Amino acid sequence: MDSTSNSELINAAQGVLNPHTVGGRLFGNVASVLITATGHRFSGVCIDTGSGTGFCAEHSAIAAMVTAGQYQIAKIVAVWRDGDGLLYVLPPCGRCREFIRQVDPANLDTEVILGSDRSALLGELLPAHDWPEPLASA
């Protein structure tokens, strides 16, 4: 695993936050930073659209990573700041968890940062990820 601390990665993600509102929709109010298995960093922000075509910050960071020809994620974090200025670490939603897994099977070992002193492997957050075996004929 990468030696970057959770706090360092949280601070890096915090630096990418750049909220902007357009027509009641928020852009850039959640930020994500990931570190690849080769040690490169990629970041991204969420985009909320009324038509459902938006995407999570993790998707944005992963898209930047894939654009650079990389697929394995060592660590990933997403953060959000509320109206009072308090910073939160957000666990990836189910869609993001599955997206991370599908980019590369090795990503089941991605360390997902859940707080300054807390993390879990993606495989622990997405335990039933294998395609099921067929039922025996009756």
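Just so it is clear, none of the values below were taken in a lab; they were calculated from the coordinates. Bear in mind that the values here come from a model prediction, so they are computed numbers and not experimental data.
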- What residues have an amide H closer than 5 Å to that of ARG25, excluding those fewer than 5 places away on the same chain, when H is modeled at 1.01 Å from N in the peptide plane? none
- Please pull out the direction-averaged projected area of the range 1-72, using the convex hull of its alpha-carbon atoms, in nm² to one decimal place. 5.1
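Quick one: divide the alpha-carbon radius of gyration of the chain by 2.2 N^0.38 Å and tell me what you get. All intermediate terms of the calculation are to be shown ahead of the outcome.
Values: Rg = 15.9 Å, N = 138, 2.2 N^0.38 = 14.3 Å.
This ratio for the chain stands at 1.11.
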- Item | the range 84-138 pair-distance distribution - Cα-Cα, 5 Å bins, rounded % | 4, 16, 24, 18, 12, 9, 8, 4, 2, 1, 1, 1
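How much length would be gained if the chain were fully extended between ALA120 and LEU17, taking 0.36 nm per residue of separation minus their Cα-Cα distance, in nm to one decimal?
Values: separation 103, 0.36 × 103 = 37.08 nm, distance 2.34 nm.
Extra length from ALA120 to LEU17 when fully extended: 34.7 nm.
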